[in-house]
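The values are calculated or read from the model by the stated rules, or taken from the named source; none is laboratory data. Values in this document were obtained by computation on a predicted structure and should not be read as measured data. Here the Cβ positions follow ideal geometry from the backbone for every residue, glycine too, while neighbour counts run over all protein chains shown.
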Amino acid sequence: MTRQHIARALVGAALVAVSAAASASVTSPVIGKLLWSEEFNGASLDGSIWTATTGNGCQIGLCGYGNQELQYYSPNNLSIANVPFEPATRALAITARREVVGSNQFTSGKIDTAGKVQVKYGMVEVRMASPKVGVGLWPAAWMLGTSPQVWPRKGEIDIMEQGGRQPAGLPAISPEQFVGANVITFNEAACVPGNESCAASTAWQTKNWYTPSRSLANRFVTYRLYWTDTQIRFSVLDNGREYDMYKAPISTVGSPALQAPFYLLLNLAVGGNFTPAATPAQITAPLPGTTYVDYVRVYELDGKGEVKLGLGIEPETGKFGVFTDNTPVDAKQVPGVSSDVYIWNQGSMTAGDIPPFEGTGVLAFGYFAPGQWFGGSIQSRQVRDMSGFRNGNIKLKIKVPANVAFRIGMQDTYTNQNAVTFPANTTAYGLVRNGEWGTATIPVAEIAGPRIALQSMLDMFQFFSVDGALPNAQFQIAFDDIIWDSGVAGAAPMALASVAAPTGVTNGQAVQVGSGMLAFSATAPDWVDVHYTVNGGDARTVRLYQDGTNSRYTASGLKAGDVVEYRFTNWDRQRQVAVDSPAKKIVMK
């Protein structure tokens with residue numbers, strides 16, 4: 001399905017150039033308290049923080065991970081080990097090997113904190129040692145936005161990556177003496193032939209590297225990302241001295257993707273279009289080769305910085321505006337800022353000219369290709385937890401000719417989609433079909449059905465044609481004042497209420513395993529999330545670590561007397577839906 005983006009964000013040309021302005025917050029930083037760290041000192045990788053990747057990208061429909069990489073990622077290439085060249089140090093070891101798995105001639109390792117740990121602002125510090133990268137090895141410490149949007153709209157921050165092609169004009173140096181950093185996000189100015197993704201890179205034609213006089217192979221240096229709501233700075237701390245990657249900080253003003261949470265990734269790729277090696281025969285790097293990561297730490301920077309565990313989604317409450325100007329709501333999305341509007345089939349539909357029902361904004365579309373399908377949506381730039389709206393309604397204004405049948409639907413981040421139908425010439429959900437503006441009130445439970453995971457929403461509103469009832473003439477359709485209403489004004493959503501979902505998780509439980517620790521576990525063939533609150537506070541959502549059909553996660557920082565309410569959501573493979581378990585409660589002792 002092709003979607004044409006029609007409400008574009010003003011990302012700003014600053015992302016393809018280095019900002020000339022300097023900010024005290026990144027060039028003269030005040031580093032505050034340690035917010036979070038991973039020291040890699042345990043016996044094995046902590047599955048409650050990290051998820052190991054398995055595969056070559058084909059398993060997600062992206063063979064070579066979009067970079068023509070040559071490796072197959074395996075958990076077997078990951079370990080926590082004593083560092084040979086610094087014996088007193090214990091670190092994450094990511095090892096690339098010449099090893100055949102299927103069509104791949106190399107294996108390596110990759111981990112991420114998606115759904116488990118997310119960071120927004122602060123100073124991110126990674127102490128890391130690269131192997132001899134030669135030609136073909138590509139170690140990286142980087143971050144991706146938690147937004148459900150596709151890359152590059154979600155944003156990418158490359159704290160360090162080594163093994164790439166060196167720019168023309170740079171004196172000949174060893175690959176072990178060249179390391180860079182980068183920021184990538186969507187920018188309309190970058191929409192040119194050959195770059196259809198519109199990915200804008202700060203490293204493009206810009207000095208973005210550090211070239212030490214001494215090889216970086218098999219010795220630790222510390223890479224730093226200084227990140228605020230206005231600027232980013234990359235540096236390398238080498239032998240007690242700090243060196244900037246870029247000549248000046250990078251502006252993030254006008255770049256919403258860089259003002260939202262990101263998760264962490266660590267990996268060692270083999271080959272690919274970042275490196276000079278496009279085929280296995282071109283790999284000359286000595287193998288096996290190991291990247292060591294001593295620690296990852298996140299500090300406050302000038303009072304900014306936050307780290308959240310789990311999905312970090314705050315449940316929406318009361319009334320939520322998907323598209324509205326004047327209606328009083330508790331929170332709302334703004335097209336081009338926190339949401340985007342799409343036309344799915346630009347061969348049948350374009351922007352219309354129907355005036356708004358209220359305010360200055362309207363979703364107006366013109367259908368110009370009789371007999372063709374049509375559709376569009378409002379997509380959130382961040383995951384929305386709408387679980388407290390299950391017993392509420394979606395209210396909206398619609399203007400459409402009486403003889404046009406259409407559907408109104410929604411979609412979660414797991415690609416589940418559901419909809420209700422508005423038949424032609426028939427009053428449905430309160431919408432009188434007289435061709436004028438009218439009001440529709442749709443029960444959320446009905447439009448979501450058993451399929452939609454309301455705690456993880458992506459498309460908050462969709463409209464599309466009805467199969468078998470495609471229009472036979474041109475027309476215009478408009479929507480306005482789209483509001484999700486929980487029916488409970490100003491109250492916190494019942495995020496932990498039991499939802500009818502009799503299949504899926506079995507043996508789901510929480511067991512106290514220490515003075516301040518609670519172990520969640522469940523049995524299911526696919527992924528499992530746990531949603532829990534402590535003493536009625538904010539709901540937290542965490543993806544459980546999966547080992548076969550057993551999934552687990554241990555929450556810490558609790559104390560005696562804490563009341564923990566929880567429920568599980570899992571993927572029901574047979575029904576192809578996300579389902580919720582009943583809510584339970586446990587009191588810490």
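Gly536 fails exactly one of the following numbered conditions: (1) under 12 Å from Asn570 (Cβ atoms); (2) at pLDDT 70 or above. What is the number of that condition?
In the conditions (1) under 12 Å from Asn570 (Cβ atoms); (2) at pLDDT 70 or above, Gly536 misses (1) alone.
Restricting attention to the range 293-305, does a residue exist that is out of contact with any Cys (no Cβ under 8 Å at 6 or more places or on another chain), outside any strand (DSSP E or B) and not acidic (Asp, Glu)?
Taking the range 293-305 and keeping what is out of contact with any Cys (no Cβ under 8 Å at 6 or more places or on another chain), we get 293-305.
So of that shortlist, the ones also outside any strand (DSSP E or B) come out as 302-303, 305.
Restricting the remaining residues to those that are not acidic (Asp, Glu) gives 303, 305.
For the range 293-305, residues out of contact with any Cys (no Cβ under 8 Å at 6 or more places or on another chain), outside any strand (DSSP E or B) and not acidic (Asp, Glu): present.
So which residues in the range 187-213 are hydrophobic (A, V, I, L, M, F, W, C), part of a strand (DSSP E or B) and surrounded by 15 or more Cβ atoms within 10 Å (Cβ to Cβ)?
In the first step, residues of the range 187-213 are kept if they are hydrophobic (A, V, I, L, M, F, W, C); the result is 189-192, 198-200, 203-204, 209.
Still in the running and part of a strand (DSSP E or B): 192, 199-200, 209.
Once the filter is applied, which keeps residues that are hydrophobic (A, V, I, L, M, F, W, C), part of a strand (DSSP E or B) and surrounded by 15 or more Cβ atoms within 10 Å (Cβ to Cβ), the range 187-213 yields Ala199, Ala200, Trp209.
What single numbered condition from (1) touching a Gly at 6+ places or on another chain (Cβ under 7 Å); (2) assigned to a strand (DSSP E or B); (3) of a type in the set (Gly, Ala, Ser) fails to hold for Ala402?
(2)
Consider Leu258 against the criteria (1) over 30 Å from Val135 (Cβ atoms); (2) in the same structural domain as Ser147 (by TED's automatic domain parsing); (3) free of Cβ contacts under 8 Å to residues at least 60 places away in the same chain: it satisfies all of them except one. Which criterion is unmet?
Condition not satisfied by Leu258: (3).
Return yes or no: is Gly490 on the phi > 0 side of the Ramachandran plot and at pLDDT below 80? First the steps, then the outcome.
Numbers: on the phi > 0 side of the Ramachandran plot: yes; at pLDDT below 80: yes.
When the stated conditions are applied, Gly490 passes them.
Can you tell me which residues in the range 323-352 are part of a loop (DSSP other than H, G, I, E, B), out of contact with any Asp or Glu (no Cβ under 8 Å at 6 or more places or on another chain) and not small (Gly, Ala, Ser)?
Pass one, the range 323-352, residues part of a loop (DSSP other than H, G, I, E, B): 324-330, 333-334, 336-338, 344-348, 352.
Checking the rest, the ones that are also out of contact with any Asp or Glu (no Cβ under 8 Å at 6 or more places or on another chain) come to 328-329, 333-334, 336-338, 344-348, 352.
Answer for the range 323-352, where residues must be part of a loop (DSSP other than H, G, I, E, B), out of contact with any Asp or Glu (no Cβ under 8 Å at 6 or more places or on another chain) and not small (Gly, Ala, Ser): Pro328, Val329, Gln333, Val334, Val337, Trp344, Asn345, Gln346.
Cβ-Cβ below 7 Å, separation at least six or inter-chain, first residue in the range 327-343 and assigned by TED's automatic domain parsing to the domain that holds Ile378 and closer than 17 Å to Val150 by Cβ, second part of a loop (DSSP other than H, G, I, E, B) and polar (S, T, N, Q): which pairs?
If the second residue must be part of a loop (DSSP other than H, G, I, E, B) and polar (S, T, N, Q), the pairs left are Ser339/Gln333.
Exactly one condition in (1) within 23 Å of Arg543 (Cα to Cα); (2) crowded, with 21+ Cβ neighbours inside 10 Å is not met by Gln71; state its number.
Going through (1) within 23 Å of Arg543 (Cα to Cα); (2) crowded, with 21+ Cβ neighbours inside 10 Å one by one, Gln71 breaks only (1).
Taking the range 190-226, which residues are touching a residue at least 60 places away in the same chain (Cβ under 8 Å), more than 25 Å from Val135 (Cβ to Cβ) and out of contact with any helix residue (DSSP H, G or I) (no Cβ under 8 Å at 6 or more places or on another chain)?
Matches in the range 190-226: Thr222, Arg224, Leu225.
Can you tell me how many residues in the range 192-207 are within 20 Å of the chain's Cα centre (by Cα) and either outside the structural domain of Tyr246 (by TED's automatic domain parsing) or not hydroxyl-bearing (Ser, Thr, Tyr) (or both)?
Step one: of the range 192-207, the residues within 20 Å of the chain's Cα centre (by Cα) are 197-201.
Now drop any that are not either outside the structural domain of Tyr246 (by TED's automatic domain parsing) or not hydroxyl-bearing (Ser, Thr, Tyr) (or both), which leaves 198-200.
Count: 3.
Give the residue that is nearest to Ser486 (Cα to Cα), with candidates limited to residues of the range 375-395 that are out of contact with any Leu (no Cβ under 8 Å at 6 or more places or on another chain) and not basic (Lys, Arg).
Restricting to residues being out of contact with any Leu (no Cβ under 8 Å at 6 or more places or on another chain) and not basic (Lys, Arg), the top hit is Gly392.
Residues in the range 396-408: is at least one aromatic (Phe, Trp, Tyr), assigned by TED's automatic domain parsing to the domain that holds Asn434 and closer than 19 Å to Trp484 by Cα? Full working, then the answer.
Residues of the range 396-408 that are aromatic (Phe, Trp, Tyr), as a first pass: 406.
Those still in the list that are assigned by TED's automatic domain parsing to the domain that holds Asn434 too: 406.
From what's left, closer than 19 Å to Trp484 by Cα: none.
The answer is no, given that none of the residues of the range 396-408 is aromatic (Phe, Trp, Tyr), assigned by TED's automatic domain parsing to the domain that holds Asn434 and closer than 19 Å to Trp484 by Cα.
Do we find that Met160 is in contact (Cβ under 8 Å) with a residue 12 or more places away in the chain and under 23 Å from Gly57 (Cα atoms) in this structure? Talk me through it step by step, then tell me what you get.
Details: in contact (Cβ under 8 Å) with a residue 12 or more places away in the chain: yes; under 23 Å from Gly57 (Cα atoms): yes.
It is true that Met160 is in contact (Cβ under 8 Å) with a residue 12 or more places away in the chain and under 23 Å from Gly57 (Cα atoms).
What about Ala114, is it in a loop (DSSP other than H, G, I, E, B) and surrounded by fewer than 20 Cβ atoms within 10 Å (Cβ to Cβ)? Spell out how you get there, then give the answer.
Numbers: in a loop (DSSP other than H, G, I, E, B): yes; surrounded by fewer than 20 Cβ atoms within 10 Å (Cβ to Cβ): yes.
Considered against the rule, which asks whether it is in a loop (DSSP other than H, G, I, E, B) and surrounded by fewer than 20 Cβ atoms within 10 Å (Cβ to Cβ), Ala114 comes out as yes.
Can you pull out the residues in the range 370-389 that are in a loop (DSSP other than H, G, I, E, B) and closer than 13 Å to Phe463 by Cα? Give the steps one after another, and end with the answer.
Looking only at the range 370-389, we keep the residues that are in a loop (DSSP other than H, G, I, E, B), and these are 370-374, 386.
Correct list: Trp373, Phe374.
Kindly check whether there is at least one residue in the range 262-278 that is crowded, with 22+ Cβ neighbours inside 10 Å, over 28 Å from the mean Cα position of the chain (by Cα) and assigned by TED's automatic domain parsing to the domain that holds Thr202.
Looking for residues that are crowded, with 22+ Cβ neighbours inside 10 Å, over 28 Å from the mean Cα position of the chain (by Cα) and assigned by TED's automatic domain parsing to the domain that holds Thr202, one finds at least one in the range 262-278, hence yes.
If you scan the range 133-158, which residues turn out to be among the β-branched types (Val, Ile, Thr), crowded, with 23+ Cβ neighbours inside 10 Å and over 23 Å from Tyr292 (Cβ atoms)?
Of the residues in the range 133-158, the ones among the β-branched types (Val, Ile, Thr) are 133, 135, 146, 150, 157.
Those still in the list that are crowded, with 23+ Cβ neighbours inside 10 Å too: 133, 146, 157.
Listed by number, the list holds a single entry, Thr146.
Has the range 65-73 got any residue that is under 25 Å from the mean Cα position of the chain (by Cα) and among the aliphatic types (A, V, I, L, M)? Working first, answer last.
First pass over the range 65-73, keeping only residues under 25 Å from the mean Cα position of the chain (by Cα): 65-73.
In the following step, the residues that additionally are among the aliphatic types (A, V, I, L, M) were identified as 70.
There is at least one residue in the range 65-73 that is under 25 Å from the mean Cα position of the chain (by Cα) and among the aliphatic types (A, V, I, L, M).
Tell me whether the range 353-369 contains one or more residues that are assigned to a loop (DSSP other than H, G, I, E, B), assigned by TED's automatic domain parsing to the domain that holds Ile477, closer than 25 Å to Val488 by Cβ and in contact with a helix residue (DSSP H, G or I) (Cβ under 9 Å, 6 or more places away or on another chain).
Kept after step one, since they are assigned to a loop (DSSP other than H, G, I, E, B), are these residues of the range 353-369: 353-362, 368-369.
Filter once more, keeping what is assigned by TED's automatic domain parsing to the domain that holds Ile477: 353-362, 368-369.
Now drop any that are not closer than 25 Å to Val488 by Cβ, which leaves 358.
Remaining after also requiring in contact with a helix residue (DSSP H, G or I) (Cβ under 9 Å, 6 or more places away or on another chain): none.
Within the range 353-369, not a single residue is assigned to a loop (DSSP other than H, G, I, E, B), assigned by TED's automatic domain parsing to the domain that holds Ile477, closer than 25 Å to Val488 by Cβ and in contact with a helix residue (DSSP H, G or I) (Cβ under 9 Å, 6 or more places away or on another chain).
Please find, among Val579, Val528, the residue that is among the hydrophobic types (A, V, I, L, M, F, W, C) and under 28 Å from Trp36 (Cα atoms).
Working: Val579 fails: under 28 Å from Trp36 (Cα atoms).
Among Val579, Val528, only Val528 is among the hydrophobic types (A, V, I, L, M, F, W, C) and under 28 Å from Trp36 (Cα atoms).
Six or more apart or on different chains, Cβ under 7 Å: which pairs go from a residue in the range 391-414 that's within 18 Å of Ile354 (Cα to Cα) and acidic (Asp, Glu) to one that's modelled with pLDDT of 95 or more and buried (at least 18 other Cβ atoms within 10 Å of the Cβ)? Could you list them?
none
Looking only at the range 339-373, filter to residues that are more than 30 Å from Gln259 (Cα to Cα) and aliphatic (A, V, I, L, M); which one of those is surrounded by the fewest Cβ atoms within 10 Å (Cβ to Cβ)?
Out of the qualifying residues, it is Ala369.
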